[in-house]
Structures are given as structure tokens and as C-alpha cells.
Ligand SMILES: [Zn+2]
Ligand SMILES: [Zn+2]
Ligand SMILES: [Zn+2]
């Protein structure tokens, strides 16, 4: 059973998915994502795998409960994909060569194009949860794609802010942030000809890195070949820096923020956001009462200091 339930106090949808309770724990001796499992091709570089426990499906199942005008209920139409980064069970994003990561970026692009064309899809969210502390049950390197029948609330807030900025200043909010960060420089951690990685002035997590395209791009569809390669390269640099920071495979949540799947959003600007839960090698930042219950974040570090740490770490394999 899965459905969308409307929260009238926050004006947002909650997706229920009681089916997901049956999700497996970490498999002991068998991995469905490894060649030979019978579930994936015998040879692949990168591969789209349908999520076995999707929160959204086409066609959607009948909702478990009937809604009304006040407590609205909608079917959870959508798609959930698993994106396999490599056939090597023990690889991780920073360990893959740039040429291989270009294939990942191209797969994201082609899958994004397919998913946004599906009827009823409003937002295609490409993301990765990495590490057991984030609750990842499959160690095989992978990310995911959720295709939502609505625009998720955080993206909606960014769209509202970007639209207002454009209206007031006739400029892109994200282009302005990028200009300000590059002019200041204290929070930049890596840069190539087409992308800039930095800990934003307004970071909520100690090691929260954002990657902005330098050109004003709305979605992956607007990429040129140089940008495919540039994104692959800077993704590798950022994640290598993370791993080398404490000499450990660094857990993170990574999300691609793009313009919605349908409609015109010329004021939005493609970027990637990383939220690593670590605040030191041993200590994690938890989303406790204030963050969870009030939405206000307490970041007990300075973005400028954390950026200097990450900038000093070399993006090379040990
Ligand atoms: Zn595997
Ligand atoms: Zn822009
Ligand atoms: Zn964003």
C-alpha cells in the first residue's frame, strides 16, 4: 500500500509506503547488483535497476484509505530507480575513473529525459545515500532516482526564492551566489572550467558542499559534452577530498537540484548539494529536536574553516 496524504498544517504531501517495511537488511552473501545474480546484465559499466521496494509506481496502487476535501489522498504515481554506478561491488564513486563517471552522468541525462516525459511526473530527483549511518542497506555502489507526482517542498522553496530574486533583480539567484562565492573565495574547495564546488555561506551541515554549474543551466538536458566531463571530474574531486579528510569512506547524502520536469523555470540553476552527517571523524550531526521540529538548523562550525580544511585535502587516491 502506498499513497500521498496531504498535511494541511504544512501544505505538503507525505508519501506513505507500508510496503517498504519489508525492505531487506544488508545481504550476507548475495548481492542482486553483482553480475551473476540473474538480476543484472552479466557485464555492465553503469545500469538502471528498478527499485524492488518503490515508494511510487506506474500505475499506482489504490490508496489504503479514502480521502476527503480536508484530508486529501492521492495515488502515489511515480517511479523509483536504482542507479548502479559500477559492476564492482567494492567500488565507490571517488574510486571510479573520470571516464567511467562520464558514463554515469550520461546515464543520469538519458534517464532524466525518459522520466520527465512520463505522464504525471512533476519532479525527477536524482540522489545518493552513502554509508551505513545514512541507513544504506546495500553496500554495492549505487544511487537512486525518485520521480515524484509533485514538486518536493524544499525544491519548491528554492523555486519561490529564485523566482522572487529574478523578479526583483532581473538576475538568477544562483548565478549571483556563485559570483559572490567566487569573488570572496574563502569557501571555495575545488573548481574546473565548468563547475565550482564550495561550502555555501548559509551551510547547515559542517561539510555541506554545493557544486554549481558556471553556465546558467536548468537541468541535465542543457549539458554540453564539456559539462558532462567537468561534472564527472568535480564529483570525483569532491568525494575524494571527503574520503581523504579522515581517511575513511565518507558517508553523505547527495542530491541533484534541477528545474522541475514540466513547466518553464528559466530562473532555476542546476546544482548539486552534499550533506555529510559527520562533524568530525567520530562525531555525527543528528537532526534533533530543533532541526526536526522547528526546521531551524544549528551549525556549530564555520563554513570558512571547514572549506579551508577540504580545500587543503588533495583529491588523489591513496
Ligand atoms: Zn554487489
Ligand atoms: Zn543561473
Ligand atoms: Zn538546492
> Only one of (1) outside any strand (DSSP E or B); (2) out of contact with any helix residue (DSSP H, G or I) (no Cβ under 8 Å at 6 or more places or on another chain); (3) modelled with pLDDT of 95 or more is not met by residue 5, so which one is it?
Replying inline: (1)
>> Against the condition surrounded by 19 or more Cβ atoms within 10 Å (Cβ to Cβ), within 16 Å of ligand 2 (Cβ to nearest atom) and under 16 Å from residue 254 (Cβ atoms), how does residue 189 come out, does it pass?
In response: no
> Of all residues in the stretch 141-155 being in contact with a strand residue (DSSP E or B) (Cβ under 8 Å, 6 or more places away or on another chain) and either in a helix (DSSP H, G or I) or within 18 Å of residue 264 (Cβ to Cβ) (or both), which is nearest to ligand 2 (Cβ to nearest atom)?
Replying inline: 155
> Since residue 232 meets every condition but one in (1) touching a helix residue (DSSP H, G or I) at 6+ places or on another chain (Cβ under 7 Å); (2) surrounded by fewer than 20 Cβ atoms within 10 Å (Cβ to Cβ), which condition does it not meet?
Replying inline: (2)
> Right, residue 148: within 14 Å of ligand 3 (Cβ to nearest atom), surrounded by 15 or more Cβ atoms within 10 Å (Cβ to Cβ) and at pLDDT 95 or above or not?
Replying inline: no
> Looking at residue 159, is it in contact with a strand residue (DSSP E or B) (Cβ under 7 Å, 6 or more places away or on another chain), at pLDDT 95 or above, within 16 Å of ligand 2 (Cβ to nearest atom) and in a helix (DSSP H, G or I)?
Replying inline: no
> Yes or no: residue 303 without any contact (Cβ under 8 Å) to a residue 60 or more places away in the chain and either more than 29 Å from residue 193 (Cα to Cα) or out of contact with any helix residue (DSSP H, G or I) (no Cβ under 7 Å at 6 or more places or on another chain) (or both)?
Replying inline: no
> How many residues does the stretch 285-313 hold that are more than 30 Å from residue 172 (Cα to Cα) and either modelled with pLDDT of 95 or more or within 16 Å of ligand 3 (Cβ to nearest atom) (or both)?
Replying inline: 2
> Looking only at strands (runs of 3 or more DSSP E) that fall completely inside the stretch 170-253, which ones have 3 or more residues that are more than 16 Å from ligand 1 (Cβ to nearest atom), closer than 20 Å to residue 126 by Cβ and within 21 Å of the chain's Cα centre (by Cα)?
Replying inline: 195-198, 209-213
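The values are calculated or read from the model by the stated rules, or taken from the named source; none is laboratory data. These numbers were taken from a predicted model, which means no experiment stands behind them. All Cβ positions, even for glycine, are placed from backbone atoms using ideal geometry, and neighbour counts span all protein chains on display.
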